[in-house]
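Worksheet: one structure, shown below.
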Amino acid sequence: RLQARAVPDRAWEREWLRDFHAMRFGERLWITPRHESPPDAGAAIVRLDPGLAFGTGTHATTAMCLTWLDQAPLRESVVVDYGCGSGVLAIAALKLGARAAYAFDIDPQALIAARENAADNQVGERLTVCGDARELPSGCDILMANILASTLIELREGLARLPRAGGRWLLSGILSAQESEVTNAFCQWCDISRFARLDGWVALHGV
C-alpha cells in the first residue's frame with residue numbers, strides 16, 4: 001500500500017548527516033563530522049563537512065583510499081587528489097605527514113567544500129585547490145584518483161604525466177568487474193595491482 005503525507009520542508013541534501021559519525025581508517029586516521037570528536041585524541045583527525053560534494057569515507061571507494069593513506073609513505077611528499085570532492089583524501093594526506101597537496105575537481109561545489117574543509121583542519125596553506133587540471137604540477141610523489149573507471153581510462157594519458165618516476169598511484173571508483181580493464185589501461189606506466197576489495201568495489205595501487 002502507498003500512502004502520502006505532507007512533511008515540513010528541510011535542507012534535504014543535508015539530512016543524511018544525521019548518520020555521519022566518527023570513523024577510523026587503519027591505525028591512525030579518523031574522519032569525523034565537525035561537531036563530533038573521536039575517542040582517540042592523539043590520532044590524525046580530519047573534521048569534515050562535505051557540503052554538496054562527494055567524500056566522507058562512508059562509501060567503500062573512499063574508505064579503501066583512506067585505509068591506504070594510513071599506511072602510505074607520506075612524510076614530506078607532494079600529493080595530487082584528482083577528482084577531490086570534499087577534499088577528504090588530500091586533507092587526510094596532509095594530516096598524515098604530506099608536505100603539500102593539490103586538489104582538483106570540475107564541480108564548483110567540490111572546490112568550495114575542499115577549501116572550507118582545509119581551512120577547518122588548519123591545512124589551508126598547504127592545500128592548493130585547482131579548478132583546471134592544467135594547474136596540477138607534474139612530478140608528484142603520490143597521485144590519487146577516486147573517480148569512475150570509465151573516466152580513469154579516458155584520462156589515463158593525462159594522469160600518467162603527473163607522478164614522478166617511482167611515484168605511487170592510487171586508483172579507486174572501480175567496480176570489481178572493471179578491475180582488469182583498468183589494470184590493462186595503466187600497466188604500461190606502472191606496476192599496478194589490487195590494494196583492496198570492498199562491497200563490490202576495488203582500489204588499485206601502483207609504482
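The values are calculated or read from the model by the stated rules, or taken from the named source; none is laboratory data. Remember, predicted model here, so these are calculated numbers, not experimental data. When we count neighbours, we look across all protein chains shown, and the Cβ atoms used for this are built from the backbone with ideal geometry, even at glycine. Remember, those area values only see protein heavy atoms, side chains included, never the ligands or the DNA or RNA. Shrake-Rupley method; radii C 1.70, N 1.55, O 1.52, S 1.80 Å.
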Practice problem: Note down all Cβ pairs under 6 Å where the first residue falls in segment 92-106 and is touching a residue at least 24 places away in the same chain (Cβ under 8 Å) and open to solvent by 20 Å² or more (accessible area, probe 1.4 Å), the second is part of a strand (DSSP E or B) and polar (S, T, N, Q), and they're at least six residues apart or on different chains. | Solution: Tyr102/Thr128
Quiz item: Hey, does segment 48-61 have a residue that's free of Cβ contacts under 8 Å to residues at least 60 places away in the same chain, of a type outside the set (D, E, K, R), open to solvent by less than 10 Å² (accessible area, probe 1.4 Å) and closer than 21 Å to Gly167 by Cβ?
Solution: no
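State yes or no: is Asp81 within 14 Å of the chain's Cα centre (by Cα), open to solvent by 10 Å² or more (accessible area, probe 1.4 Å) and not small (Gly, Ala, Ser)? Reasoning before the result, please.
Working: within 14 Å of the chain's Cα centre (by Cα): yes; open to solvent by 10 Å² or more (accessible area, probe 1.4 Å): no; not small (Gly, Ala, Ser): yes.
Against the criterion (within 14 Å of the chain's Cα centre (by Cα), open to solvent by 10 Å² or more (accessible area, probe 1.4 Å) and not small (Gly, Ala, Ser)), Asp81 does not qualify.
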Exercise. Could you check how many residues of segment 161-178 are open to solvent by 30 Å² or more (accessible area, probe 1.4 Å) and either in contact with a Phe, Trp or Tyr (Cβ under 8 Å, 6 or more places away or on another chain) or in contact (Cβ under 8 Å) with a residue 12 or more places away in the chain (or both)?
Key: 7
Quiz item: Tally time: how many residues in segment 28-47 are free of Cβ contacts under 8 Å to residues at least 40 places away in the same chain, out of contact with any Pro (no Cβ under 6 Å at 6 or more places or on another chain) and either surrounded by 13 or more Cβ atoms within 10 Å (Cβ to Cβ) or not aliphatic (A, V, I, L, M) (or both)?
Solution: 9
